[in-house]
1. If you rank 82, 114 by fewest surrounding Cβ atoms within 10 Å, what's the result?
2. Nearest 0.05, what FRET efficiency do residue 66 and residue 32 give at R0 = 30 Å with Cβ-Cβ as r?
3. Relative to the longest principal axis of the C-alpha atoms of the chain, give the angle of the C-alpha long axis of helix 2-20, reported between 0 and 90° and rounded to the nearest 10°.
4. Here are a few candidate values for Cα extents along the principal axes in Å: (1) 102, 36, 23; (2) 40, 36, 26; (3) 61, 39, 34. Which one was actually calculated from the structure I just gave you?
5. At a Förster radius of 35 Å, what calculated FRET efficiency corresponds to the Cβ-Cβ distance of residue 53 and residue 80, to the nearest 0.05?
């Protein structure tokens with residue numbers, strides 16, 4: 001959840017600074033020209049340096065999460081618990097609180113592979129502001 005909150009704060013700051021400096025949101029400048037802005041984010045889960053597969057000359061990425069969905073779909077942070085471990089037998093994670101990023105990693109990327117989850121030694125988080133300009137002309 002700390003990562004999700006950091007992403008939201010950074011994205012908000014990017015847009016605040018962009019608008020403060022005169023940036024435009026989905027603005028039609030003339031018949032052929034539009035400007036817009038968006039913020040995207042991703043989280044790379046990095047292999048623990050002590051793992052035998054760790055290579056100091058490589059990126060060592062276990063999974064890359066599209067955290068931009070947190071920014072587009074604001075309701076992801078509103079939901080308190082994304083734990084969807086529903087099994088007939090008691091499961092060790094049944095009572096655990098899942099933020100959206102943990103849910104995405106565990107359920108969608110690693111498909112419940114707890115051993116792979118435990119190999120994660122860090123996160124690399126990117127928040128990217130994308131300034132867009134569209135220009136059209138008649139054929």
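1. Exposure proxy ranking, most exposed first: 114, 82.
2. 0.40
3. 10
4. Read-out taken from this structure: (3).
5. According to the calculation, E is roughly 0.50.
A short reminder: the numbers here are calculations on the coordinates, not readings from a lab. Small disclaimer: the values here were computed from a predicted structure and weren't measured. Ideal geometry is used to build each Cβ from the backbone, glycine not excepted, and the neighbour counts take in all protein chains shown.
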